[in-house]
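Worksheet: one structure, shown below.
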Amino acid sequence: MPTFPKADVTQFFRTFSIQNFIVDPHEEQLICSTNLSGHFNLWALDLNQRFPYPLTSINQSNHGLAYDKNGHFLLSAFDHDGDENAQIYALPPEGGTLLPIQVNEGERHMLGELSEDGRMLYYTSTKENSTYLNIYRYDIENEKEEVLIEGKEAATSFAALGPDERSFLLRKHFANTHSCMYVHKNGRTTAITPDPTIPHTVESAAYTTNKDVYLATTYEADFSYLAHFHVDQQTFTKILDIPGESIINVHFDQSSNGLYLVTSKGVTDQLYYYHLVEEKLTSIDLPVEVVDKLMVTNGGIPYILGRGSTLPMNIFRRKVKTWETITDLRVPGIAREAMSEPETIRYPSYDETEIEALYFKPKPEVDNSHLILWPHGGPQAAERKMFRAMFQMLVYEGYRILAPNFRGSSNYGLSFMKEVEGDWGYGPRLDNVAALDYMIENNFVDRDKIFLIGGSYGGYMALLLHGRHGDYFKAVVDIFGVSNLFSFVESVPDFWKPIMKQWVGDPLTDQERFKRDSPITYLEQMSKPMFIIQGANDPRVVKAESDQVVDKLRANNVAVKYLVLDDEGHGFSKKDNEIEVNRQILQFFNNHQ
C-alpha cells in the first residue's frame, strides 16, 4: 500500500469559494459566483443534474445577482480587479455575451430588484451623487431612467420593492450603528421605526403584503428584534425578541405565510421559522455555523450559503426537515478531522469587560509552541466560526492562533459595537494586549513566542500594537492596514465620508487623538521584522497608507518586506494571488521563529 506524503499547505487554498447565489423562478437552475477556474465567474447548476457549467468568463468579482421573475434573463454586477466599482450587465440563463445595462467607468452601481414584468430595474448608484447616492428606476426596454430618490444627509440605497410596486423600502446609512429604513409611497418617504433620529439599526426588512413590512431592528434595544410596520397606518409594533441573539435577516415565505429569521450570537448563527398566523417560533438546525446568505423560493424552499470553521463555503437546500447539500466544496487531500475546530474562550480586559475569543490549536505532534494574534477587520465585524484557509494552513503547520472579538465587534449587542466609535486605538488595543497577557499568565504561550498579523482594521491594529507594544512580538504582518488616520478619512470612497466623524472622529477637533491613535506616530518604536501586503486597487485603504509606512521604516533601517498586488483591491480575488500571498506569510513566520 503506498505511503502518501503530508499534504502541502497550498491544499488549503485549492478549495474554492462562493460569493453569491440565486435560484431561478422555476427552481430548476442555481447560479453562483465562484472561483472554480481560479477567477470569479458565474457558474450554473441544473438542480436535477448537479454538475456545474460556466456562464461567464469575465474573471471578476460579483456584487449582486437578480433574476427576471419570468426566468428570461438575469442581471449581474461585476467590479474590475477589486476596485469595487460594480457595473451591471444582463445575460441569458445559458450564459454567454454580457449586455451592458448600467456601465459608467469610475462609478459604483448597487443592484436592487427587477419589476414583475422584468422591464424596470431599481438600483442605487454613485453617479451624479458620489457622497449620498441616488436611487434610480431604469426602463430596460426603452433605455430611459428616472431618479426616484436623491440621497441627502446619509448614503441612501434601495432595499426592497413592494408587491404591487407602488412603494419601496430604502435605507439611510448614518453610521454602522445608526442605519434606518424608510418606505417611499406616493411621493412621501416615511421611517418604519418611530424616531429615525435616535441611533439604532434596521438590519433587514421584508414585505409580506402591500401594507405589511416585518423588520429586524435595535430601536430602543441592544439586540435586534422582530417588529411590524403598517404602511398605510404608519404604526410600529414589536413582535418578538430572542434573548441574547440579534435577528439579522428576515425572509418571507409566501407559500406558508411565515418568516425565516437568521440570528447571530457571538461566533455563530441560528435559524428560526415564525408562523405569522399561529405566532409560533420554531428553531431549525443548521448544517453550518455561519450563514452568509438565505433565500426562500416561490415554492417555499429555503436555500442557504454558509460555512463552518472546518467547512468551506457551500450551498444547502432544506427539504422535508433535512438539509440537502447542493455544492460540496472541501479542502482536497485534507480531511475535516485533520483541521482545527476552535475553542471559545473568555477573558477579562483591562477594565474587567469580558471579551470572547476563538483559539485554534494545532495537533500536539506538530505544535511549534508559537502563538499568532489575529485582530480582525471591520472593526465593527467579528471573528466567527467560519472557514479561513489561512488559519487552517498556519495551524496545520504547528501555529496556535488567537482571534479576540474586542470591543467594537458586532454580534454582542449595539452598545458593545459602539465602543470603537471615536476610539479606534485605545479600548480595542488594550483588549488585544489583555488577550496576550491572559494567554501568557495561563501558560498558553511563552512571551517570547508570539507573532502578529491583521488585515484592514486588523492591519491597522497590527501596526499600532507593533508601535506601542512591540516587545510582545517576534515579527508582524500587515495586510492593507490603515497607518495614518488623518490621510485615511480623506481617502475613503466619497459615500463613506459622511460616517467618518462618528466612526473615526474629526481630524480638526480630534487632532490629538488622531495623532495618538495613528500607527505612523510610532514608527521609531517599530523595530521587529515586518511583512506588508497591499492591493494596488484598494478603494478602502489606499496604497498610500502602506507606502508611507514602508518608506519611513526602510529609512530607519527596519527589515520590511513589501508585496504589492497590481490586480487586487481590498482582498484576494485571484486564486494564484491568494496562494502566493499565504505561501509568503507562512515562510515569513517560519523564518522568524
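Miscellaneous remarks
- Output for the stretch 12-38, where each listed residue is closer than 22 Å to ASN582 by Cβ, modelled with pLDDT under 95 and open to solvent by 50 Å² or more (accessible area, probe 1.4 Å): ARG14, PHE16, LEU36, SER37
- Single residue of the stretch 204-252 satisfying the filter (in a strand (DSSP E or B), under 12 Å from VAL262 (Cα atoms) and of a type in the set (Val, Ile, Thr)) that is most open to solvent (accessible area, probe 1.4 Å): ILE248
- Looking across the stretch 61-73 at every residue that is closer than 20 Å to LEU121 by Cβ and within 24 Å of the chain's Cα centre (by Cα), the one that is most open to solvent (accessible area, probe 1.4 Å) is identified as HIS63.
- Close pairs (6 angstrom Cβ cut-off, 6 or more residues apart or separate chains): farther than 17 Å from ASN556 by Cβ in the stretch 461-489, of a type in the set (Asp, Glu) and at pLDDT below 95 anywhere: PHE480/ASP538; VAL482/GLU545
- Just so you know, in the stretch 318-337 the residues that are of a type in the set (Val, Ile, Thr) and either within 26 Å of the chain's Cα centre (by Cα) or within 30 Å of TYR438 (Cβ to Cβ) (or both) include one that is surrounded by the fewest Cβ atoms within 10 Å (Cβ to Cβ), and it is THR325.
- Among the residues of the stretch 89-131, those that are open to solvent by less than 30 Å² (accessible area, probe 1.4 Å), without any contact (Cβ under 8 Å) to a residue 60 or more places away in the chain and under 18 Å from SER57 (Cβ atoms) comprise ALA90, LEU91, GLY95.
- Residue pairs meeting the criteria (Cβ under 7 Å; at least 6 apart or on separate chains; first small (Gly, Ala, Ser), in the stretch 507-518; second crowded, with 18+ Cβ neighbours inside 10 Å and in a helix (DSSP H, G or I)): SER518/LEU485
- Single residue of the stretch 526-562 satisfying the filter (of a type in the set (Gly, Ala, Ser) and in a helix (DSSP H, G or I)) that is surrounded by the fewest Cβ atoms within 10 Å (Cβ to Cβ): ALA555
- If the condition is being hydrophobic (A, V, I, L, M, F, W, C) and either modelled with pLDDT under 95 or within 19 Å of TYR522 (Cβ to Cβ) (or both), then the stretch 438-474 contributes ILE450, PHE451, LEU452, ILE453, MET461, ALA462, LEU463, LEU464, LEU465, PHE473.
- Flag if PHE531 is modelled with pLDDT of 95 or more, over 30 Å from HIS178 (Cβ atoms) and over 26 Å from the mean Cα position of the chain (by Cα): no
- Residue ID - surrounded by the most Cβ atoms within 10 Å (Cβ to Cβ), chosen from residues in the stretch 39-60 that are part of a loop (DSSP other than H, G, I, E, B) and under 21 Å from the mean Cα position of the chain (by Cα): PHE40
- Some residue of the stretch 262-280 being closer than 21 Å to ASP212 by Cβ, without any contact (Cβ under 8 Å) to a residue 12 or more places away in the chain, assigned to a strand (DSSP E or B) and open to solvent by 30 Å² or more (accessible area, probe 1.4 Å): yes
- For PHE451, the conditions (1) surrounded by fewer than 22 Cβ atoms within 10 Å (Cβ to Cβ); (2) touching a strand residue (DSSP E or B) at 6+ places or on another chain (Cβ under 8 Å); (3) not in a loop (DSSP other than H, G, I, E, B) are fulfilled apart from (1).
- Any pair with Cβ under 8 angstrom, 6 or more apart, that starts in the stretch 299-313 at a residue that is farther than 18 Å from PHE12 by Cα and in contact (Cβ under 8 Å) with a residue 60 or more places away in the chain and ends at one that is outside any strand (DSSP E or B) and of a type outside the set (Val, Ile, Thr): GLY299/GLU27; GLY299/SER255; ILE301/GLU27
- So PHE495, is it open to solvent by less than 30 Å² (accessible area, probe 1.4 Å) and of a type in the set (Phe, Trp, Tyr): no
Matching residues to (1) open to solvent by 50 Å² or more (accessible area, probe 1.4 Å); (2) at negative phi; (3) under 19 Å from the mean Cα position of the chain (by Cα):
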{"site": "LYS144", "(1), (2), (3)": "yes, yes, no"}
{"site": "PRO163", "(1), (2), (3)": "yes, yes, no"}
{"site": "HIS178", "(1), (2), (3)": "no, yes, yes"}
{"site": "HIS184", "(1), (2), (3)": "no, yes, no"}
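- Residue-level check: of (1) outside any helix (DSSP H, G or I); (2) more than 30 Å from GLN593 (Cα to Cα); (3) open to solvent by 10 Å² or more (accessible area, probe 1.4 Å); (4) not acidic (Asp, Glu), ARG516 misses just (1).
- Members of the stretch 354-370 that are open to solvent by 20 Å² or more (accessible area, probe 1.4 Å) and closer than 18 Å to GLU441 by Cα: GLU354, GLU356, LYS361, SER369
- Odd one out for ALA7 among (1) buried (at least 21 other Cβ atoms within 10 Å of the Cβ); (2) touching a Gly at 6+ places or on another chain (Cβ under 8 Å); (3) of a type in the set (A, V, I, L, M): (1)
- Residue count for the stretch 314-330, restricted to those that are without any contact (Cβ under 8 Å) to a residue 40 or more places away in the chain and not in a strand (DSSP E or B): 3.
- Members of the stretch 338-352 found to be closer than 25 Å to GLU397 by Cα and surrounded by 13 or more Cβ atoms within 10 Å (Cβ to Cβ), listed by number: ALA338, MET339, SER340, GLU341, PRO342, THR344, ILE345
- Checked against the criterion of being crowded, with 19+ Cβ neighbours inside 10 Å, in contact with a His (Cβ under 7 Å, 6 or more places away or on another chain) and at pLDDT 95 or above, the candidates ALA435, ALA403 yield just one match: ALA403.
The values are calculated or read from the model by the stated rules, or taken from the named source; none is laboratory data. Every value quoted in this text rests on a predicted model; they were computed, and no experiment measured them. No Cβ is skipped: glycine too gets one built from the backbone with ideal geometry, and neighbour counts run over all protein chains shown. These accessible areas exclude ligands, DNA and RNA; they are computed on the full protein's heavy atoms, side chains included. Shrake-Rupley method; radii C 1.70, N 1.55, O 1.52, S 1.80 Å.
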